[in-house]
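Heads up: the structure comes next, in structure tokens.
The values are calculated or read from the model by the stated rules, or taken from the named source; none is laboratory data. Keep in mind that this is a model prediction, so the values were computed, not measured. Cβ coordinates were reconstructed from backbone atoms using ideal geometry, including for glycine residues, and neighbour counts include every protein chain displayed.
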Amino acid sequence: MQTSSESFEEPLVQLRRRIQELESFPSGGGQEKELDRLRATLKKTTAEVYASLSRWQKVQVARHPERPYTLDYIGYLMTDWVELHGDRAYGDDAAIVGGFASFGGRSVAVIGHEKGRDTRERIHRNFGQPRPEGYRKALRIMKLAQKFGRPVLTFVDTAGAYPGIDAEERGQAEAIARNLLEMAHLEVPIVVTITGEGGSGGALALGVGDRVFVLEYGTYSVISPEGCAAILWKDQEQKAAAAEAMRLTAPDLLAMGVVDAVIPEPLGGAHTDPEATCRRVGETIAQALGELERLSVNELLARRYQRFRSLGALDEG
């Protein structure tokens, strides 16, 4: 039987609910000691629960609907945000947001997946699953960034590219492949941060960078655990076993050299303290940009090429 995110977080949810109830009472009612006890219990229980998460449970944390999304990082970390719309070929895809902003005294291009918060926005943003026009919009912004010498920051959080017939008809595969090619040759620094789930080519189309970071409970894989289970076992209920076999969590990715560093999340995951999460992400990106901006274009491209050529292992035996 699979363990759901609701079941493994249920003790924490109950504690948070009780704390919120007590905090809503007028002060001076004698509840301070009980609040202190509950807060200490919550901290201890959270540490215990999150110290023993399975890979499948980490996938569920990566998908938590209250994790920060691209627009949250922009709101916390950047100023002078100007969003650009449309691919100048077909239309605008709300599953990807992009534009220019000021970050730490730099003018940067920012591109990322956006899933939406409530039902209406999630439908509008197609649950963060882009169509070809989203990737072409992203590429248009990258080309503008190169023209004006601006670094590119991408935030990856998608289950994958939208697999609908309309997306295929408009060239989904070509749009993703084009982004991979163009990002490999882009003559400005690119910093990629996987903030939630990085699913398949839908994530990789924004994932070719000079530095690739992942949040502590982020994931990155060629397919979702459910998709893998459906292919290998013809049974999506084997998703936990698939997640274990896929080695898609942040420690796995770091060990395999897929990412350059893991960004720690607050105790209990990014959704428990979005502001602290955004701050840590911002500090990591700023340090990376400081290092990359000292490189010449030739050095930048050579290192980027070598970074991706060195991934994986070949066994000819």
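In the range 27-70, what residues are in contact with a strand residue (DSSP E or B) (Cβ under 7 Å, 6 or more places away or on another chain) and either farther than 19 Å from Ala159 by Cα or buried (at least 18 other Cβ atoms within 10 Å of the Cβ) (or both)?
Arg55, Lys58, Val59, Ala62, Arg67, Pro68, Tyr69, Thr70
Among the listed residues Leu267, Leu292, Leu300, which satisfies the condition of being hydrophobic (A, V, I, L, M, F, W, C), surrounded by fewer than 16 Cβ atoms within 10 Å (Cβ to Cβ) and over 15 Å from the mean Cα position of the chain (by Cα)?
Leu267
Of all residues in the range 182-228, count the ones that are touching a His at 6+ places or on another chain (Cβ under 9 Å) and closer than 18 Å to Tyr305 by Cα.
Count: 1.
Taking the stated definitions as given, is Leu215 over 27 Å from Ala302 (Cβ atoms), among the aliphatic types (A, V, I, L, M) and touching a strand residue (DSSP E or B) at 6+ places or on another chain (Cβ under 7 Å)?
yes
Examine the range 90-100 for a residue that is modelled with pLDDT under 95, within 30 Å of Asp252 (Cα to Cα) and in contact with a Gly (Cβ under 7 Å, 6 or more places away or on another chain), and state whether such a residue exists.
Among the residues of the range 90-100, not one is modelled with pLDDT under 95, within 30 Å of Asp252 (Cα to Cα) and in contact with a Gly (Cβ under 7 Å, 6 or more places away or on another chain), which makes the answer no.
Please state which of the following conditions Gly149 fails to meet, knowing it meets all the rest: (1) within 30 Å of Thr46 (Cβ to Cβ); (2) at pLDDT 95 or above; (3) surrounded by fewer than 19 Cβ atoms within 10 Å (Cβ to Cβ).
Failing condition for Gly149: (1).
Which members of the range 71-82 meet the condition of being touching a helix residue (DSSP H, G or I) at 6+ places or on another chain (Cβ under 9 Å) and of a type in the set (D, E, K, R)?
The one that is touching a helix residue (DSSP H, G or I) at 6+ places or on another chain (Cβ under 9 Å) and of a type in the set (D, E, K, R): Asp72.
Is one or more of the residues making up the range 77-87 in a helix (DSSP H, G or I) and either closer than 30 Å to Ser224 by Cα or among the aliphatic types (A, V, I, L, M) (or both)?
There is at least one residue in the range 77-87 that is in a helix (DSSP H, G or I) and either closer than 30 Å to Ser224 by Cα or among the aliphatic types (A, V, I, L, M) (or both).
On the given criteria, is Gly112 within 14 Å of Ala138 (Cβ to Cβ) and either of a type in the set (Ser, Thr, Tyr) or touching a strand residue (DSSP E or B) at 6+ places or on another chain (Cβ under 7 Å) (or both)?
So Gly112 fits the description; yes.
Give the range 182-198 a look and list any residue that's more than 14 Å from Asp157 (Cα to Cα) and either touching a residue at least 60 places away in the same chain (Cβ under 8 Å) or among the hydrophobic types (A, V, I, L, M, F, W, C) (or both), or say none.
Met183, Ala184, His185, Leu186, Glu187, Val188, Pro189, Ile190, Val191
For the structure I just gave you, tell me whether Asp80 is more than 15 Å from the chain's Cα centre (by Cα), modelled with pLDDT under 95 and more than 19 Å from Asn179 (Cβ to Cβ).
It is false that Asp80 is more than 15 Å from the chain's Cα centre (by Cα), modelled with pLDDT under 95 and more than 19 Å from Asn179 (Cβ to Cβ).
Show the residue pairs meeting these rules: Cβ distance below 8 Å; 6+ apart or different chains; first residue within the range 167-181 and without any contact (Cβ under 8 Å) to a residue 40 or more places away in the chain and among the hydrophobic types (A, V, I, L, M, F, W, C); second residue crowded, with 16+ Cβ neighbours inside 10 Å and not in a helix (DSSP H, G or I).
Listed by first residue and then by second, the contacts come to Ala167/Arg131; Ala167/Ala161; Leu180/Ala205; Leu180/Val208.
Mind counting the residues in the range 198-241 that are among the charged types (D, E, K, R) and out of contact with any Pro (no Cβ under 9 Å at 6 or more places or on another chain)?
The qualifying residues number 4.
In the range 184-200, which residues are more than 21 Å from Val262 (Cα to Cα) and part of a helix (DSSP H, G or I)? Steps first, answer last, please.
So the first thing to find is which residues in the range 184-200 are more than 21 Å from Val262 (Cα to Cα), and the list is 184-188.
Across the range 184-200, the qualifying residues are Ala184, His185.
Go through (1) touching an Asp or Glu at 6+ places or on another chain (Cβ under 7 Å); (2) under 25 Å from Ile176 (Cβ atoms) for Ile263 and report which single condition fails.
Condition not satisfied by Ile263: (2).
From the residues in the range 93-146 that are surrounded by fewer than 19 Cβ atoms within 10 Å (Cβ to Cβ) and of a type in the set (S, T, N, Q), which one is farthest from the chain's Cα centre (by Cα)?
Selected residue: Gln146.
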